[in-house]
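J.: The structure follows.
Any read-out appearing in this document is the output of simple, stated calculations on the displayed coordinates, not a laboratory observation. Values in this document were obtained by computation on a predicted structure and should not be read as measured data. A quick note on method: Cβ atoms are made from the backbone with ideal geometry, for glycine too, and the neighbour counts reach across all protein chains shown.
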């Protein structure tokens, strides 16, 4: 007969009266399976910790966002943000759904080409494009979004030795009423820099100015900021048409839509503050539609949202390594995953759920990872079940940025799997090991034994 695990007695406080800022605390529900497969089985088969992506959620979220914009505007094109998650399997899902590629480096550009994306469906953003990067983009007829004057002059030189005319846009930054203002990227609208860049492009006679691009920030929960940005972008496009007799073919509104992760220090949970795709779409498309364009020649609307499209589809499953007490008496849980894998824990209060049903009792706890560094803190304080060593947990909404910003530090980076719509698990990135880490190293002969 197996001896039952001892559970210490506890007094559970009943919640009554008016709720606080986050409502009345509720039971942390378990997540026993993902995509129809038991989490315990996945951890047994692929190891702990483990990143898990759910294909159905990726596709359904994308279709919901696409429908929100296409039902309100005649010409809409999404471009998948590679920096958000550039795993080939993930990118291929978005490309199958009709999304172009949006890249911000030569590495990402080459990755998009390797994924079979037509160069005419690649948008090349970012401030760091080498002459070689620019030449490759011009050869493949990609859209190059110019970030600064030095890049503009470099591109004009590239154009002089190319048989293809570069297809370009400028990135525009502006005051949309939010702080901090993202004015380090692109040309400023209010001080006339953006219009000056446009004039130089047209006067050069070597570049085809196709569009205007803006990206007002990240995790923006104000739809009014997008409305303001769309109004200003449309006004700039119409000014170019009136003053320079040049028609802008597309307006790229970038990304920055918030997901349902709650930011650290937020007064309300993201469930109460994050706009829907319909609300974002209404603000952006409404502003462009009312701007005064010829109805028969409306500019195409491009969107590069990443975080809001994939955060919900990602999970990180792991195991409790230890249960301890800090010097002030606070309970702390140590997991087998840390900030090197869950980089977004620096700015999100991630939801961490048990895999199995618990006894209903909870306790304030500080959550740490396994790294031998004091910064490896996942949550400063949160209510957690009375977990024990060996218990398994699941972190929700980790699909954005964690699999591109993660670090090989102290521990290996783990397997990543994709759950297909049919409920099958597919390994899409292998875990690191000593051999894969050392394969990039070179030891001078005088240091070899």
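J.: Compute a Gaussian network model of the chain, connecting alpha carbons closer than 10 Å, and tell me which residue from 349, 88, 328 fluctuates the most.
T.: Among 349, 88, 328, the largest mean-square fluctuation in the Gaussian network model of the chain belongs to 328.
J.: What percent do you get for the relative contact order of the chain when only Cα pairs under 8 Å and 6+ apart count?
T.: 19
J.: Right, next: Note down the nm distance, to one decimal, between modelled labels 7 Å out along Cα→Cβ at residue 389 and at residue 200.
T.: 6.4
J.: Next question, about the same structure. Please report the orientation-averaged projected area of region 125-305, defined via the convex hull of its C-alpha atoms, in nm².
T.: For the Cα atoms of region 125-305, the hull's average projected area reads 11.1 nm².
J.: Name the residues of region 205-220 whose amide N is less than 12 Å from a point 7 angstrom out from the Cα of residue 241 along the C-beta direction?
T.: Under cut-off, by backbone N: nothing.
J.: Only Cα pairs under 8 Å and at least 6 apart count here; give the relative contact order of region 125-305 as a rounded whole percent.
T.: About 18 percent, as a whole number.
J.: Using helices alone, what [θ] at 222 nm do you get for the chain, with -39,500 (n - 2.57) per DSSP H run of 4 or more residues, divided over all residues and rounded to the nearest 500? Walk me through the numbers on the way to the answer.
T.: Working: 13 runs with 127 residues, N = 449.
Counting only the DSSP helices, I get -8000 deg cm²/dmol.
J.: By how many degrees, 0 to 90 and rounded to 10, does the Cα axis of helix 55-70 deviate from the longest principal axis of the chain?
T.: Helix 55-70 sits at roughly 40 degrees to that axis.
J.: Match the structure shown to one of the listed values (1) 148; (2) 203; (3) 224 of volume of the Cα convex hull per residue in Å³, computed from it, and give that label.
T.: Recomputing volume of the Cα convex hull per residue in Å³ here picks out (2).
J.: If neighbour count is taken as other Cβ atoms inside 10 Å, put 62, 82 in order from fewest to most. Please list the in-between numbers first.
T.: Working: 62 22, 82 28.
The fewest-first ordering by Cβ neighbours comes to 62, 82.
J.: Rounded, prolate or oblate: pick one for region 355-422, where a ≥ b ≥ c are the square roots of the eigenvalues of its C-alpha gyration tensor, a/c under 1.5 means rounded, and failing that, prolate if a/b is larger than b/c, else oblate.
T.: oblate
J.: If r is the Cβ-Cβ distance from residue 163 to residue 218 and R0 is 41 Å, what FRET efficiency results, to the nearest 0.05?
T.: 0.60
J.: Test of understanding: in a Gaussian network model of the chain with alpha carbons linked when under 10 Å, which of 345, 105, 204 would top the mean-square fluctuation ranking?
T.: Looking only at 345, 105, 204, the largest GNM fluctuation is found for 204.
J.: Next question. Along Cα→Cβ, 7 Å out, is where each label goes; now give me the distance between the ones at residue 420 and residue 110 in nm to one decimal.
T.: It is 3.1 nm.
J.: Looking at the chain, send over the antiparallel percent of its DSSP beta bridges, to the nearest 5.
T.: Here the antiparallel bridges make up roughly 45 percent for the chain.
J.: Could you give the distance between the Cα centres of region 337-409 and region 237-306, to the whole Å?
T.: 34
J.: If the elastic network links every pair of Cα atoms under 10 Å, which of 186, 36, 338 fluctuates the most in the Gaussian network model of the chain?
T.: Checking each option, the largest mean-square fluctuation is seen for 36.
J.: Which of the peptides 393-406, 244-257, 285-298 is most tightly packed, and how do the rest follow, going by the mean number of other Cβ atoms within 10 Å of each residue? Before the final figure, lay out the partial values.
T.: Details: 393-406: 22.9, 244-257: 20.9, 285-298: 14.3.
The most tightly packed comes first, giving 393-406, 244-257, 285-298.
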